[in-house]
1. Could you tell me the relative contact order of the range 58-181? Use alpha-carbon pairs under 8 Å, at least six residues apart, and round to a whole percent.
2. If you wrap a convex hull around the alpha carbons of the chain, what volume per residue comes out, as a whole number of Å³?
3. Give, in whole angstrom and from largest to smallest, the semi-axes √(5λ) of the equivalent ellipsoid of the range 7-114, with λ running over the eigenvalues of the Cα gyration tensor.
4. Can you check how the C-alpha radius of gyration of the range 124-171 compares to 2.2 N^0.38 Å, as a plain ratio?
5. I'm a student and want to see the number: the projected area of the Cα convex hull of the range 36-94, averaged over all directions, in nm².
6. If you line up the long axis of helix 2-12 against the longest principal axis of the chain, both from Cα atoms, how many degrees apart are they, to the nearest 10?
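Read-outs: derived from the displayed coordinates by stated rules, not from any lab. Please read these numbers as outputs of a predicted model, since none were measured by experiment.
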Amino acid sequence: MKNIQTAHTKVFRAEKTTRNRDDFKVLVAGSLIMIMMLLTFPLIGRVYDSTLATRPFVTATVEVVQTDDYILPMILYDADATQLVTARWIRIVRDGDNSRLGTRRGESDYSAKEDNPRLWTWEAFFNDGTGIAAPPIPTQPFKVCISYVSTTVDTGISDETPETCSKIFYPELADDSIMGSIP
């Protein structure tokens with residue numbers, strides 16, 4: 001029985017030499033494995049983000065609503081990301097024929113944390129941080145659209161979100177409903 005255990009031990013264990021030499025072997029082997037890991041993990045992340053990651057990186061819903069508390073239309077907006085990204089957004093006002101009436105561009109960070117849609121004022125939604133006024137609110141039927149060009153923070157892979165638009169908003173119907181509610 002003892003001979004079988006000894007033979008088994010020799011297969012799985014290296015011969016003992018000196019303590020310093022054994023420690024050096026472990027240090028070299030560990031360093032080589034760590035260098036391999038440091039070189040391959042970013043490559044694996046880039047391959048994953050460019051081929052297997054859920055696309056688009058940022059999705060949004062946008063809706064133009066009229067509230068009783070605010071005379072101007074407001075924007076109900078929610079953006080969700082599949083991972084941590086930095087994105088350049090483009091917010092566009094289009095008329096019923098899909099002609100562009102106004103545009104604002106800006107940049108924001110988006111994470112995968114779940115959040116709820118929020119109500120924005122017209123000025124806040126189109127604020128790009130430059131101090132330029134928001135596009136005027138159209139008097140004809142219009143819709144609000146948004147798209148993103150995003151880049152992952154970890155790997156630097158880019159993605160473009162197709163334009164997402166609200167339903168067409170009819171200002172004349174909103175004016176009638178507000179005027180009808182005022183005593």
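1. Once normalised by length, the contact order is 30 percent.
2. 215
3. Semi-axes, largest first: 60, 14, 13 Å.
4. Computed over Cα atoms of the range 124-171, the ratio equals 1.55.
5. 6.2
6. Long axis of 2-12 versus the principal axis of the chain: about 50 degrees.
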